[in-house]
1. Across the range 162-218, which residue is farthest from ligand 1 (Cβ to nearest atom) among those that are polar (S, T, N, Q) and touching a strand residue (DSSP E or B) at 6+ places or on another chain (Cβ under 7 Å)?
2. Quick one: which residue in ARG168, ARG221 is at pLDDT 95 or above, closer than 29 Å to VAL33 by Cα and among the basic types (Lys, Arg)?
3. Name the residue that is farthest from ligand 1 (Cβ to nearest atom), counting only residues in the range 224-272 that are closer than 25 Å to GLY184 by Cβ and of a type in the set (S, T, N, Q).
4. How many residues are of a type outside the set (D, E, K, R) and in a strand (DSSP E or B) if we restrict to the range 45-82?
5. Give the range 182-204 a look and list any residue that's surrounded by fewer than 17 Cβ atoms within 10 Å (Cβ to Cβ) and more than 18 Å from the chain's Cα centre (by Cα), or say none.
6. Does GLY170 fit the bill of being at positive phi and touching a helix residue (DSSP H, G or I) at 6+ places or on another chain (Cβ under 7 Å)?
7. From the set of residues in the range 74-104 that are in contact with a Gly (Cβ under 9 Å, 6 or more places away or on another chain) and of a type in the set (D, E, K, R), which is nearest to VAL164 (Cα to Cα)?
8. So is CYS26 within 18 Å of the chain's Cα centre (by Cα) and surrounded by 18 or more Cβ atoms within 10 Å (Cβ to Cβ) or not?
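The values are calculated or read from the model by the stated rules, or taken from the named source; none is laboratory data. Quick caveat, the model's predicted, so the values are computed rather than measured. Every residue, glycine among them, receives a Cβ derived from its backbone with ideal geometry; neighbour counts consider all protein chains shown.
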Amino acid sequence: MPLFICTACGTQYPDSAAPPAQCLICEEERQYVPPRGQTWTTLDALRIGHANNCREYETGLIGIGTQPQFAIGQRALLVRTPGGNVLWDCISLLDTATVTVIEGLGGIKAIAISHPHFYTAMVEWAHAFDCPIHLHSADKQWVMRPDAAIKHWDGETLELWDGVTLVRCGGHFEGGTVLHWAGGAQGRSVVCSGDILTVATDRKWLSFMRSYPNFIPLSARAVTGIGEALKPFAFEAIYGHYFDRVIARHGKQVLESSIARYIAAIEGKRGY
Ligand SMILES: [Zn+2]
Ligand SMILES: [Zn+2]
């Protein structure tokens, strides 16, 4: 039986004779059902008209995204370390070319995902590379295709290896997580942020929302909490969730000033 994939958010569901009646991720207030209504595809169908491409941002950090754009349109990141590669965030399309390329780069030792909008076809990726998926347990209810590869973690941080640490920031989702890699930016460290810290269109600022498509802001308390979670970490670059959303320098200062700007705006200060 096919495993249907929601065309609006890219989430893959367990095998079923007919498509699910609804996508629970898209029905929730942070996502949306498009005007055309709920539609579904499968991995086989997706492979016919789509392919993945790669971009090396810096040594050890490769973006992987689907062309033409599918569903939310995020790209994943392959973080390469001597101890093994981490796939950060996930995309729906996995094909033989992608597996061959990633195997050539040493495979994937673990998958970690910022939040449920990017869970997509994570189980396909975990099976292809025989690796675990680390998800924060606060978002357990949003796993649509349960699998033994999924390992839920609790608490505020999870250290993987070689300076790779998952940091729970909350905000957009209760278990919203970013990845801090001490070896990135030539040892000055990077944060892979998904849309937990969203790199704004100008690539000079970050923003933070409960829902991006439906314009639901976060509270000052939630945004302050994101800053608190990242307080112990220094970092130079921030890699957002689209290919072109990168803040190359002064990432920590950008986070601090972006939090201050956000709070000033929602509290009506400083001319807002
Ligand atoms: Zn959906
Ligand atoms: Zn999201």
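1. Taking the range 162-218 first, the residues polar (S, T, N, Q) are 165, 177, 186, 189, 193, 198, 201, 207, 211, 214.
If we keep only those that are touching a strand residue (DSSP E or B) at 6+ places or on another chain (Cβ under 7 Å) too, we end up with 165, 177, 189, 193, 198, 207.
Details: THR165: 30, THR177: 20, SER189: 34, SER193: 22, THR198: 19, SER207: 23 Å.
That would be SER189.
2. Details: ARG221 fails: closer than 29 Å to VAL33 by Cα.
The match here is ARG168.
3. Here the answer is GLN253.
4. Filtering the range 45-82 for residues of a type outside the set (D, E, K, R) gives 45-46, 48-54, 57, 59-74, 76-79, 81-82.
Within this subset, residues satisfying the condition of being in a strand (DSSP E or B) are 51-54, 57, 61-67, 76-79.
Qualifying residue count for the region: 16.
5. GLN186, GLY187, ARG188, ASP202, LYS204
6. Taking the combined requirement at face value, the residue satisfies it.
7. Filtering the range 74-104 for residues that are in contact with a Gly (Cβ under 9 Å, 6 or more places away or on another chain) and of a type in the set (D, E, K, R), the one nearest to VAL164 (Cα to Cα) comes out as ARG80.
8. Working: within 18 Å of the chain's Cα centre (by Cα): yes; surrounded by 18 or more Cβ atoms within 10 Å (Cβ to Cβ): yes.
Answer is yes for this residue.
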